[in-house]
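The values are calculated or read from the model by the stated rules, or taken from the named source; none is laboratory data. Since this is a predicted model, take the numbers as computed values, not measurements. Don't worry about glycine lacking a Cβ; one is built from the backbone with ideal geometry, like all the others, and counts go over all protein chains shown. What goes into the accessible areas is simple: the full protein's heavy atoms, side chains included, and nothing from ligands, DNA or RNA. Shrake-Rupley method; radii C 1.70, N 1.55, O 1.52, S 1.80 Å.
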Amino acid sequence: MSSVKPFSKDELHDYGPQRSYGREATEAAFLLGGIGTGNISVGSRGNLRDWEIWNRSAKGQKLPYSFFAVSVNDGSNVMTRVLESQVTPPFKGSHGLHPGSVSGLPRFKDSRLSSEYPFVKVEFLDDGYPVQVELEAYTPFIPHEPDDSGLPLAVFKYTVENTGDKPVDVSIAGSMLNAVGFTGEADFGWVTHDYYGQNVNSLVNQDGLNGIHYSSNKLGDSSLFHGSHVIATIESDVTVKPYWHRSRWWDNLREFWDDFSKDGRLTDLGYTEPSKIKPDAGSVAASKSINPGEKKDFTFIIAWYFPNRLKNWDQRKGDCGSDCGCHQEVAKNRYSVRFSNAWDVAKYYMDKREHLEKFSRKFSKTLYESTLPSYVLDAVASNITVLRSNTCFWLEDGSFFGYEGCFDDAGCCSGNCTHVWNYAQTLAFLFPSLERSMRETEFLHETDEDGKMSFRAFNAFPGPISWDVVEAASDGQCGSVMRLYREWKLSGKTEWMTGLWPGAKRALDYACEVWDHNGDGVPEGKQHNTYDITFYGPNPLSGILFLAALKSGYMLGEAAGDHESAEKYLSLYEKGRVNLDKTLWNGEYYVQNLEDVNEHKYQHGVGCLSDQLLGQINSHLMGVGYMLPPEHVRDAVLSVYKHNFKTDFNDHDNTQRTYVLNDEMGLLACTWPNGGRPDYPFVYSHEVWPGIEYHVAAHLIWEGHVDEGLTIVKAVRDRQDGVKRSPWNEVECGHHYSRSMASWGVLLSLSGFKFDMTKSEVEFAPRINKEDFSSFWSTGTAWGVYTQKLVDGKLVKETKVLHGSL
């Protein structure tokens with residue numbers, strides 16, 4: 001039992017700036033890129049890493065010869081550096097570090113990375129360099145504007161300050177390899193050539209945008225590798241080397257570096273023919289004179305356009321070679337509706353730059369000026385990146401899909417998995433139209449005539465049928481009904497909800513018939529669930545979600561005019577809430593009711609399940625209310641904390657997957673404080689999942705156990721320290737795992753936010769800093785800031801709309 005308080009009051013209520021990461025934080029990788037576009041990440045050294053712009057994950061993928069560099073001429077010396085800090089150990093590789101990594105070129109001695117989403121900053125540190133350089137990079141992010149938050153580009157602004165006593169001429173160059181047809185690196189660090197040939201690096205100067213448009217004459221419009229990309233600058237004094245020197249060995253890098261280091265300007269070598277086999281790198285440089293004490297900005301854009309993704313959940317089906325000859329059906333990304341190539345993307349940013357940057361900064365400022373602990377804001381913001389990782393994709397018809405997470409090289413666990421996305425809150429509050437798309441998929445495509453819902457979306461988007469979809473998922477199916485209620489109340493779109501009601505009604509009727517055989521309001525049949533196994537008999541995870549679905553179904557049915565169904569659900573709910581409490585309450589928390597816990601493998605029995613109240617916290621966050629006696633709920637969630645939160649894992653015996661270890665802290669999925677553990681408990685019982693930790697933390701806070709909830713959140717974020725794990729990648733069954741978006745619920749609980757846009761109402765009941773409180777808020781129609789402050793003994797409250805309308 002966890003009776004020790006591992007953090008002081010001051011640590012739990014730390015409202016300081018966001019933490020920063022030194023170059024030793026080699027796991028820190030900040031994702032740039034829009035919703036459904038793929039990513040480029042910025043590492044703690046300022047390096048560009050994890051190139052994932054080709055519609056699938058690619059952890060560790062490098063793009064050779066792709067980097068920024070700076071040259072400073074003080075009139076007597078020219079000092080040139082790669083805009084990264086020094087490479088960190090281990091220096092591994094069978095043939096050393098390949099020239100494509102440009103590891104042998106001079107760099108800054110150190111760096112510090114920090115972020116306030118969607119902006120990331122890198123400060124380059126080197127006392128021996130005549131100027132100070134700082135990078136700010138971002139991809140536009142505006143809640144409720146998914147298209148403008150779904151741009152396949154990244155903006156890099158380098159700010160250079162002359163700290164010396166005489167003027168200097170400064171140039172910054174951005175270089176990229178032509179990546180159209182890129183599939184990785186082969187022996188000796190060279191790129192594979194399967195899809196290369198006839199690659200073109202075109203110099204473009206248009207409406208204040210100067211740069212290189214990289215394309216290919218080889219790949220047809222339907223190829224998975226068809227597309228283009230851009231590196232460009234908005235500055236005026238620009239020189240361009242569209243093609244690096246074509247020669248043998250590493251002469252290309254030698255010629256570029258010597259040319260740029262001579263005077264900070266680039267020489268066009270005059271090539272006009274496309275490459276034959278080996279692709280060419282190209283570079284763009286911007287130059288400015290900077291007086292002592294003066295700062296100047298150098299802004300670059302990297303944009304990409306790879307519109308075709310494999311029309312299959314199994315992305316590895318696209319791994320056949322260039323001579324395969326098979327027909328691969330493709331689906332188009334959403335951004336292909338708006339743009340024809342990468343230059344169009346960059347040009348759009350130029351045209352809309354003021355709006356895109358203004359509202360991205362407005363969102364960031366509003367969120368980070370919230371009077372919430374710094375690590376809470378870190379948890380809430382860092383998991384937004386799931387939406388813009390390769391976990392999610394967005395198609396030309398507006399359909400939004402998500403894996404559970406990602407393997408290193410492909411999506412992992414297909415199909416908008418309802419029992420995992422059940423936990424996520426972020427998308428619904430920031431991009432409600434995309435969340436509504438997921439409800440449309442569930443109730444219009446995945447729910448059959450009998451009401452059985454496929455918890456993986458294989459009807460709406462094709463793929464090999466997963467091993468685990470033989471049965472419906474009780475938690476996911478009931479959760480989908482609840483989330484339909486949430487989307488309705490967030491948006492006020494009654495007509496939209498009514499259109500999905502027939503599918504939701506079938507799904508809820510199926511739940512009643514299949515999982516509640518005797519009609520007592522307590523599921524007792526076989527209940528497949530998010531642990532990839534089946535619970536048998538009455539249990540709190542399935543049971544409370546079932547109650548919440550019935551209560552939601554009652555209110556949905558009333559609004560849809562289906563009063564007969566509504567009354568049926570209400571009657572069963574009233575019966576079930578009494579019976580479930582009577583059957584499963586053990587005086588401290590809720591248990592699974594089985595005569596013989598070992599009759600079926602993988603149960604939890606009398607164990608204290610961290611997920612036991614998932615249906616209750618989701619009901620709170622959606623405005624459905626208490627499912628069970630409030631005093632029991634409050635005791636149960638506190639018991640989860642007391643029994644399942646561990647402050648040390650050195651003696652923890654876990655034969656399952658390991659996510660937390662040694663002296664780290666975390667919340668176990670289940671414990672057996674009074675004994676009675678099954679011989680073979682459910683298969684993830686001894687693990688620690690951030691998504692569960694966040695919803696338990698949100699629930700503790702909601703019920704008034706604020707410090708206990710904050711303790712869990714801080715423990716999670718302390719683990720994601722940039723050295724052991726990336727702050728922007730909370731792993732479970734895959735990278736950028738969708739369940740981690742339960743973190744948004746912590747913000748909702750701390751602000752006590754309630755909403756009902758069918759009545760145009762919002763409500764706040766802050767649980768911390770009540771005399772001086774500020775928080776970001778959002779519904780399906782607007783977002784803004786709520787403040788309350790004690791002034792002359794009176795609490796002054798203000799709800800300000802910054803975007804949209806209430």
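For segment 59-83, give me each residue that is of a type in the set (D, E, K, R) and closer than 19 Å to residue 39 by Cβ. Result: 59, 62. So which residues in segment 86-135 are free of Cβ contacts under 8 Å to residues at least 24 places away in the same chain and within 27 Å of residue 388 (Cα to Cα), if there are any at all? Residues satisfying the conditions are 121, 123. Scan segment 144-157 and tell me whether some residue there is open to solvent by less than 20 Å² (accessible area, probe 1.4 Å), over 30 Å from residue 385 (Cβ atoms) and in a strand (DSSP E or B). No, every residue in segment 144-157 fails to be open to solvent by less than 20 Å² (accessible area, probe 1.4 Å), over 30 Å from residue 385 (Cβ atoms) and in a strand (DSSP E or B). Scanning segment 300-320 for residues that are open to solvent by less than 10 Å² (accessible area, probe 1.4 Å) and either in a loop (DSSP other than H, G, I, E, B) or among the hydroxyl-bearing types (Ser, Thr, Tyr) (or both) yields 306, 307, 313. When segment 625-640 is filtered for residues that are assigned to a loop (DSSP other than H, G, I, E, B), open to solvent by 10 Å² or more (accessible area, probe 1.4 Å) and not aromatic (Phe, Trp, Tyr), the ones remaining, listed by number, are 625, 629. Examine segment 118-135 for a residue that is part of a loop (DSSP other than H, G, I, E, B) and within 30 Å of residue 377 (Cα to Cα), and state whether such a residue exists. Yes, segment 118-135 has at least one match.
Does any residue of segment 260-271 turn out to be assigned to a helix (DSSP H, G or I) and either crowded, with 19+ Cβ neighbours inside 10 Å or of a type in the set (Gly, Ala, Ser) (or both)? Yes: one or more hits. Inspect segment 436-453 for any residue being in contact with a helix residue (DSSP H, G or I) (Cβ under 8 Å, 6 or more places away or on another chain) and assigned to a strand (DSSP E or B) and give the result as yes or no. Within segment 436-453, one or more residues are in contact with a helix residue (DSSP H, G or I) (Cβ under 8 Å, 6 or more places away or on another chain) and assigned to a strand (DSSP E or B).
Checking each residue in segment 145-164 for being under 16 Å from the mean Cα position of the chain (by Cα) and closer than 23 Å to residue 782 by Cβ picks out 146, 149, 150, 151. Considering only segment 171-189, state which residues are of a type outside the set (Gly, Ala, Ser) and touching a residue at least 12 places away in the same chain (Cβ under 8 Å). Residues satisfying the conditions are 172, 176, 177, 178, 180, 182, 183, 185, 188.
Can you confirm whether residue 683 is hydrophobic (A, V, I, L, M, F, W, C), open to solvent by 30 Å² or more (accessible area, probe 1.4 Å) and either over 25 Å from the mean Cα position of the chain (by Cα) or under 15 Å from residue 743 (Cβ atoms) (or both)? In short, yes. In a loop (DSSP other than H, G, I, E, B) and more than 17 Å from residue 372 (Cβ to Cβ), is that true of residue 739? Spelling it out, it is not the case that residue 739 is in a loop (DSSP other than H, G, I, E, B) and more than 17 Å from residue 372 (Cβ to Cβ). Within segment 641-653, the set of residues being open to solvent by less than 40 Å² (accessible area, probe 1.4 Å) and under 29 Å from the mean Cα position of the chain (by Cα) comprises 641, 644, 645, 649.
Being closer than 14 Å to residue 694 by Cα and either in contact with a Cys (Cβ under 6 Å, 6 or more places away or on another chain) or open to solvent by 10 Å² or more (accessible area, probe 1.4 Å) (or both) is the filter here; which residues of segment 373-390 pass it? Correct list: 375, 378. When segment 749-783 is filtered for residues that are part of a strand (DSSP E or B) and either within 26 Å of the chain's Cα centre (by Cα) or more than 15 Å from residue 621 (Cβ to Cβ) (or both), the ones remaining, listed by number, are 754, 755, 761, 772, 773, 774, 775, 776, 777, 778, 782, 783. Only residues that are open to solvent by 20 Å² or more (accessible area, probe 1.4 Å) and either closer than 26 Å to residue 484 by Cβ or outside any loop (DSSP other than H, G, I, E, B) (or both) were counted across segment 552-594, and they come to 23. Just one of the listed residues (746, 723) is of a type in the set (A, V, I, L, M, F, W, C), open to solvent by 50 Å² or more (accessible area, probe 1.4 Å) and in contact (Cβ under 8 Å) with a residue 12 or more places away in the chain, and it is 723. A single entry from 254, 246 fulfils the requirement of being out of contact with any strand residue (DSSP E or B) (no Cβ under 9 Å at 6 or more places or on another chain), in a loop (DSSP other than H, G, I, E, B) and within 25 Å of residue 98 (Cβ to Cβ): 246.
Number of residues in segment 391-434 that are surrounded by fewer than 24 Cβ atoms within 10 Å (Cβ to Cβ) and among the β-branched types (Val, Ile, Thr) equals 1. Go through segment 435-446 and give me each residue that's open to solvent by 10 Å² or more (accessible area, probe 1.4 Å) and either hydrophobic (A, V, I, L, M, F, W, C) or under 14 Å from the mean Cα position of the chain (by Cα) (or both). Scanning segment 435-446 gives a single hit, 444.
Restricting the first residue to segment 1-27 and requiring it to be over 23 Å from residue 369 (Cα atoms), which pairs with a second residue that is of a type in the set (D, E, K, R) and modelled with pLDDT under 95 meet a Cβ separation below 7 Å and a spacing of at least six or different chains? Every condition considered, no pair remains.
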